[in-house]
1. If you go through segment 48-80, how many residues are outside any helix (DSSP H, G or I), of a type outside the set (D, E, K, R) and surrounded by fewer than 19 Cβ atoms within 10 Å (Cβ to Cβ)?
2. If I ask for residues that are free of Cβ contacts under 8 Å to residues at least 60 places away in the same chain, surrounded by fewer than 18 Cβ atoms within 10 Å (Cβ to Cβ) and within 15 Å of the chain's Cα centre (by Cα), which ones from segment 93-112 would you list?
3. Under 6 Å between Cβ atoms, which residue pairs at least 6 apart in sequence (or on different chains) link something in segment 115-137 that is modelled with pLDDT of 95 or more and surrounded by 12 or more Cβ atoms within 10 Å (Cβ to Cβ) with a partner that is among the aromatic types (Phe, Trp, Tyr) and assigned to a helix (DSSP H, G or I)?
Amino acid sequence: MAEKKPVIEFKNLTFYYQLQEKPALKNINLTIYEGEYVAILGLNGAGKTTLQLCINGVIPNMIFGNFEGDVLINGLNTQEYPTREMAKIVGMVFDNPEFQLTQTSVAEEVALGLENIGIPTDEMHAIIDDALETVGMDGLQERSPFALSGGQQQRLALASALAMKTEILVMDETTSNIYTLGKA
């Protein structure tokens, strides 16, 4: 049997947000292997979101602070590999979906990432429809993301991440706004 490869590695990671005296993360060492599903649990303010933002390089490349240690994704150091390129490997769904919605229609929202990685338009339609059907939002392609409920916005953010078919999917409280009554 082949040995599983590490896909996410935190090595002695410590991170302080700017102007903070207490670290948000301190001496984190964690390896997640191919095929594993991992849940990070903790109280509000425990550092879960901060840890997740390190996985795709948002920290330290877009959110600055005192960053020590290494985060490796498929062997790529997030400090050295551009965040826009990391998005091809790591799909993110944030706890507040409004932070990642920018387009004027549901279909355009799902298409955005696909356009950025060069998927041909004729292939996009099937991918968009499939992703929206997966999250129970088929038929809403033309609706504005900002006219959706909070739960629908979360499902849209998830559909956008699923459409990218990334190797790693990171979700931060993605069901917190979803109310189900019969259909998920």
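1. 12
2. Asn96, Glu98, Phe99, Leu112
3. Short answer, once both residue conditions are applied: none.
The values are calculated or read from the model by the stated rules, or taken from the named source; none is laboratory data. This structure is a prediction, so every number in the text was calculated from the model and none was measured. Glycine gets a Cβ as well: all are built from the backbone with ideal geometry, and neighbour counts include every protein chain shown.
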